[in-house]
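Report on the following structure.
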Ligand code: ADP
Ligand code: ASP
Ligand code: MG
């Protein structure tokens, strides 16, 4: 059995949905098809949630109506026969009725999560109507019945595995299963989600749970590129990555994969393929436990980073000092991305600033604190990068006139990270593309 996940752009237009149906019926292998919301929908739902939270109900209503119109036009183009069009219209009406009811009840985080879930609920239900119209047999597996996270927002993989296997056994004659990416239930049994871009994570968790032959991530580009194609002109797809390399790229900002989406597949040794829905004949990227060439493979950037420097000539060398600092971050459930130390100072970066003020207050007794906001981590990733002094030489030789705030090297053999001010990110990505890959 395999997993095929289709992202927002892959289901964002009626002709793409037709293409998805072709791709999932191409072979006879049983499969779980994981769908995202239609492109733009989750962004619109986020904005509706924010407007409701701010009490700007009129604006929220306008946004809801605009989105509803989009869906009404979408199904008119997608569905041909009136019997099925009526079904699709009823689904759209039901979900937008829910969004309008939201305007009348008091806002809460749980309600916001219900709002955000509408995108994947809609895309899967509408896709199912399309399959019915085209006489394609399928079974819908509601993600809310098996995808669970615990009180720390961590997926309960053993439970997911148990529930999913039960659901599959109940429908053992089926070959095509459809489910929602992104959405889940939390420890309080409320609707929740796996954070933005979370459908990749859903796919990988499902692939791990069923021990899939492969986890295919179908998107709008022909695999993982060597640099961010949104800001660097000359980039190329990478044919092979190890799980470790892919995990580092995802964690350090390559948007094509959710930051946490590699570990489930890696733990259960399920290969992941990144493929292009518009060009299924392209090779894409295969991510597996195989490691091939040594050296730099790709560059990724992670934005919205805050750097904190703690200077203390008195205490830094004392044992237990770093532990006390780390405990402050642990207390506020704030994970640290980069860390560098010298005899007199330690620099730490975080991307979650929700508890920044409390953290800074608790760090004050340890020394002088400096904070730099709006930083970007640029990571160069590759197998055993540290083994090739050529890479290090080329890397530092490519940087011109860009102040680097931190360098982290040696923590993992696959990664060298640089911290720069956000305004220097694009220039650095371009300089590294030239210096490491010879692409100007
Ligand atoms: P989906 O909606 O299918 O989940 P995403 O928008 O989340 O798609 O991810 C695909 C996009 O990721 C690409 O269109 C591309 O612009 C962006 N991207 C950023 N970095 C990379 C990279 N290194 N390789 C490929 N795509 C990347
Ligand atoms: N629809 C969700 C989002 O836009 C999840 C996903 O597409 O992966 O973040
Ligand atoms: Mg995505």
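The values are calculated or read from the model by the stated rules, or taken from the named source; none is laboratory data. All figures in this text were calculated on a predicted structure; none of them were measured in a lab. Using ideal geometry, Cβ is built from the backbone for each residue, glycine included, and neighbour counts are taken over all protein chains shown.
Has the stretch 221-233 got any residue that is farther than 21 Å from residue 413 by Cα, away from ligand 3 (no atom under 12 Å from the Cβ) and crowded, with 23+ Cβ neighbours inside 10 Å? Can you show your working first?
Residues of the stretch 221-233 farther than 21 Å from residue 413 by Cα: 221-223, 228-233.
Filter again for away from ligand 3 (no atom under 12 Å from the Cβ), leaving 222-223, 228-233.
Now narrow it down to the ones that are crowded, with 23+ Cβ neighbours inside 10 Å: 223.
Yes.
Looking only at the stretch 196-226, which residues are under 24 Å from residue 383 (Cβ atoms), outside any loop (DSSP other than H, G, I, E, B) and away from ligand 2 (no atom under 16 Å from the Cβ)?
208, 225
Name the residue that is farthest from ligand 2 (Cβ to nearest atom), counting only residues in the stretch 39-65 that are under 30 Å from residue 2 (Cβ atoms) and surrounded by 20 or more Cβ atoms within 10 Å (Cβ to Cβ). First the steps, then the outcome.
Initially, the stretch 39-65 is screened for residues under 30 Å from residue 2 (Cβ atoms), giving 39-43, 45.
Retained after the next criterion (residues that are surrounded by 20 or more Cβ atoms within 10 Å (Cβ to Cβ)): 41-42, 45.
Details: 41: 7, 42: 3, 45: 9 Å.
Ranking the qualifying residues of the stretch 39-65, first place goes to 45.
In the stretch 24-38, which residues are more than 13 Å from residue 124 (Cα to Cα) and crowded, with 18+ Cβ neighbours inside 10 Å? Even if it seems obvious, please write down each step before you answer.
Filtering the stretch 24-38 for residues more than 13 Å from residue 124 (Cα to Cα) gives 24-31.
Scanning the stretch 24-38 gives 24, 31.
In the stretch 256-286, what residues are more than 12 Å from ligand 1 (Cβ to nearest atom) and either crowded, with 24+ Cβ neighbours inside 10 Å or under 22 Å from residue 182 (Cβ atoms) (or both)? Working first, answer last.
From the stretch 256-286, those more than 12 Å from ligand 1 (Cβ to nearest atom) are 260, 262-273, 279-283, 286; that's our starting set.
Correct list: 260, 262, 263, 264, 265, 266, 267, 268, 270, 272, 273.
Give the stretch 300-350 a look and list any residue that's closer than 19 Å to residue 361 by Cα, touching a strand residue (DSSP E or B) at 6+ places or on another chain (Cβ under 8 Å) and assigned to a loop (DSSP other than H, G, I, E, B), or say none.
312, 316, 334, 335
Could you please find all residues in the stretch 248-290 being in a helix (DSSP H, G or I), out of contact with any helix residue (DSSP H, G or I) (no Cβ under 6 Å at 6 or more places or on another chain) and either closer than 14 Å to residue 216 by Cα or within 16 Å of ligand 3 (Cβ to nearest atom) (or both)?
249, 250, 251
Name the residues in the stretch 16-41 that are over 16 Å from residue 140 (Cα atoms) and either modelled with pLDDT under 95 or away from ligand 1 (no atom under 16 Å from the Cβ) (or both), would you?
Within the stretch 16-41, 18, 22, 26, 27, 28, 29 meet the criteria.
Taking the stretch 175-186 as the region of interest, how many residues are more than 18 Å from residue 116 (Cβ to Cβ) and either exposed (fewer than 14 other Cβ atoms within 10 Å of the Cβ) or within 16 Å of ligand 2 (Cβ to nearest atom) (or both)? Reasoning before the result, please.
The first filter runs over the stretch 175-186 and keeps only residues more than 18 Å from residue 116 (Cβ to Cβ), leaving 175-178.
Among the residues that remain, those that are also either exposed (fewer than 14 other Cβ atoms within 10 Å of the Cβ) or within 16 Å of ligand 2 (Cβ to nearest atom) (or both) are: 178.
Number of matching residues: 1.
For the stretch 89-127, what are the residues that are over 22 Å from residue 62 (Cα atoms) and surrounded by 19 or more Cβ atoms within 10 Å (Cβ to Cβ)?
The first filter runs over the stretch 89-127 and keeps only residues over 22 Å from residue 62 (Cα atoms), leaving 110, 124-127.
124, 125, 126, 127 - these are the residues of the stretch 89-127 that are over 22 Å from residue 62 (Cα atoms) and surrounded by 19 or more Cβ atoms within 10 Å (Cβ to Cβ).
Given the residues 159, 152, which is the only one that is surrounded by fewer than 17 Cβ atoms within 10 Å (Cβ to Cβ) and in a helix (DSSP H, G or I)?
Details: 152 fails: in a helix (DSSP H, G or I).
None of the others qualify; the one that does is 159.
Among the residues of the stretch 80-136, write down those that are without any contact (Cβ under 8 Å) to a residue 24 or more places away in the chain, over 20 Å from residue 18 (Cβ atoms) and not in a helix (DSSP H, G or I).
104, 105, 106, 108, listed by residue number.
Please verify whether the stretch 35-47 includes one or more residues that are in a helix (DSSP H, G or I), in contact (Cβ under 8 Å) with a residue 60 or more places away in the chain, in contact with a helix residue (DSSP H, G or I) (Cβ under 9 Å, 6 or more places away or on another chain) and under 30 Å from residue 211 (Cβ atoms).
There is at least one residue in the stretch 35-47 that is in a helix (DSSP H, G or I), in contact (Cβ under 8 Å) with a residue 60 or more places away in the chain, in contact with a helix residue (DSSP H, G or I) (Cβ under 9 Å, 6 or more places away or on another chain) and under 30 Å from residue 211 (Cβ atoms).
Provide a single number: the residues in the stretch 399-440 that are outside any loop (DSSP other than H, G, I, E, B) and either modelled with pLDDT under 95 or within 28 Å of the chain's Cα centre (by Cα) (or both).
Matching residues across the stretch 399-440 total 26.
Got a number for residues in the stretch 198-220 being within 14 Å of ligand 1 (Cβ to nearest atom) and touching a helix residue (DSSP H, G or I) at 6+ places or on another chain (Cβ under 9 Å)?
Taking the stretch 198-220 and keeping what is within 14 Å of ligand 1 (Cβ to nearest atom), we get 198-204, 215-220.
Next, from what is left, pick out any that are touching a helix residue (DSSP H, G or I) at 6+ places or on another chain (Cβ under 9 Å): 199-204, 215-220.
Looking only at that region, the number is 12.
Looking for something buried (at least 17 other Cβ atoms within 10 Å of the Cβ), within 27 Å of the chain's Cα centre (by Cα), more than 23 Å from residue 426 (Cβ to Cβ) and modelled with pLDDT under 95 - is there at least one such residue anywhere in the stretch 375-385?
From the stretch 375-385, those buried (at least 17 other Cβ atoms within 10 Å of the Cβ) are 375-383, 385; that's our starting set.
Keeping just the survivors that are within 27 Å of the chain's Cα centre (by Cα) gives 375-383, 385.
Pick out the ones that are also more than 23 Å from residue 426 (Cβ to Cβ) and you get 383.
Still in the list and also modelled with pLDDT under 95: 383.
Yes, that holds for at least one residue.
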